[in-house]
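Read the structure below first, then the notes.
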Amino acid sequence: MHLPQEGHIQRFRPYTRIPVMRRFERTSKKLSPQEGSDMRGERRVSQDMPQRGAVRRMLRMVCAMVILCIVVTPCYAGGADQPPAVGKEFPAISLTLPNDAAHRHYLGVTRGEKSITVPDIKADLAIVEVLSMYCPHCQAEAPKMNELYARIESDAALRGRIKILGIAAGNSPYEADVFRKKYRVSFPIFADGDFSIHKALGDVRTPYFIGIRIEKGNTRVFYSKLGAFETVNEFLDMMIRESGLNGKESAK
């Protein structure tokens, strides 16, 4: 038999064989009702833990998808009503006039009215943008809208005949003014804090653009679409073409 040398540490305990009967007795020990219940409870808990973890992971995934939809989707849930249809009359909404004298002059309002409707605007064509101060898409679109305004005002054949106005859905006059100043918007923006105008326009999402042909008190919708446009020149050319505006006509 090999004996460990002096100073050598024995690392393993010698294997001791357990008699068959003793092994059987050890493994077949009866459990009390309480012990059996505890073990079954432990097994159930251990079996439920992976399921609970899966449920938590699924809930986190659902929450992440909801947040992503809110951020990515154009802002504002649409309602059941339909937006202004092409070929139909624009809804008879009342617009509270701004105090800004330049905006009143731009709209062609010379009297002391407190509110107007779209037919009261001195123009042959009105471009309405439904926006919101909190809409990231509207914020991104603001520079192009400013470019569109400048493009129209710099063209003698278009100036005075095409007017742009914004409807700030759900925004107070203060919020609408903050948006206008922050993005240096030159055209008037009408606050719609109670969503009354927004509802009349079919609870549209934003930014939403509506082209209106104004003729003899009638307001025919010729363009009604959600989303940003590609280039200013293409959008303006399309507005002129679809509205039927031509060089012989003049603003009322």
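The values are calculated or read from the model by the stated rules, or taken from the named source; none is laboratory data. Fair warning: this is a prediction, and the values are worked out from it, not measured in the lab. Heads up, the Cβs are rebuilt from the backbone with ideal geometry, glycines too, and the neighbour counts pull from every protein chain shown.
Regarding the stretch 207-222, can at least one residue be identified that is assigned to a loop (DSSP other than H, G, I, E, B) and at negative phi?
yes
Those residues that are surrounded by 19 or more Cβ atoms within 10 Å (Cβ to Cβ) and among the charged types (D, E, K, R), I need them from the stretch 164-202; list them, please.
Within the stretch 164-202, 180, 192 meet the criteria.
Of the residues 119, 143, 98, which is assigned to a loop (DSSP other than H, G, I, E, B), in contact (Cβ under 8 Å) with a residue 12 or more places away in the chain and of a type outside the set (Val, Ile, Thr)?
98
Kindly indicate the residue of the stretch 221-237 that is of a type in the set (A, V, I, L, M, F, W, C) and in contact with a helix residue (DSSP H, G or I) (Cβ under 8 Å, 6 or more places away or on another chain) and also surrounded by the fewest Cβ atoms within 10 Å (Cβ to Cβ) among those meeting that condition.
The qualifying residue surrounded by the fewest Cβ atoms within 10 Å (Cβ to Cβ) is 228.
Condition first: in contact with a strand residue (DSSP E or B) (Cβ under 6 Å, 6 or more places away or on another chain) and surrounded by fewer than 21 Cβ atoms within 10 Å (Cβ to Cβ). Now tell me which residues in the stretch 110-139 satisfy that.
Hits for the stretch 110-139 are 115, 116, 119.
Results for (1) in a loop (DSSP other than H, G, I, E, B); (2) modelled with pLDDT of 95 or more; (3) more than 13 Å from residue 189 (Cβ to Cβ); (4) out of contact with any Leu (no Cβ under 9 Å at 6 or more places or on another chain), shown as yes or no for each residue.
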site: 79; (1), (2), (3), (4): yes, no, yes, yes
site: 82; (1), (2), (3), (4): yes, no, yes, yes
site: 86; (1), (2), (3), (4): yes, yes, yes, yes
site: 103; (1), (2), (3), (4): no, no, no, no
site: 109; (1), (2), (3), (4): yes, no, yes, no
site: 123; (1), (2), (3), (4): yes, yes, yes, no
site: 126; (1), (2), (3), (4): no, yes, yes, no
site: 129; (1), (2), (3), (4): no, yes, no, no
site: 133; (1), (2), (3), (4): yes, yes, no, yes
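Can you confirm whether the stretch 186-205 contains a residue that is of a type in the set (A, V, I, L, M, F, W, C), assigned to a loop (DSSP other than H, G, I, E, B), farther than 15 Å from residue 85 by Cβ and in the same structural domain as residue 120 (by TED's automatic domain parsing)?
Within the stretch 186-205, one or more residues are of a type in the set (A, V, I, L, M, F, W, C), assigned to a loop (DSSP other than H, G, I, E, B), farther than 15 Å from residue 85 by Cβ and in the same structural domain as residue 120 (by TED's automatic domain parsing).
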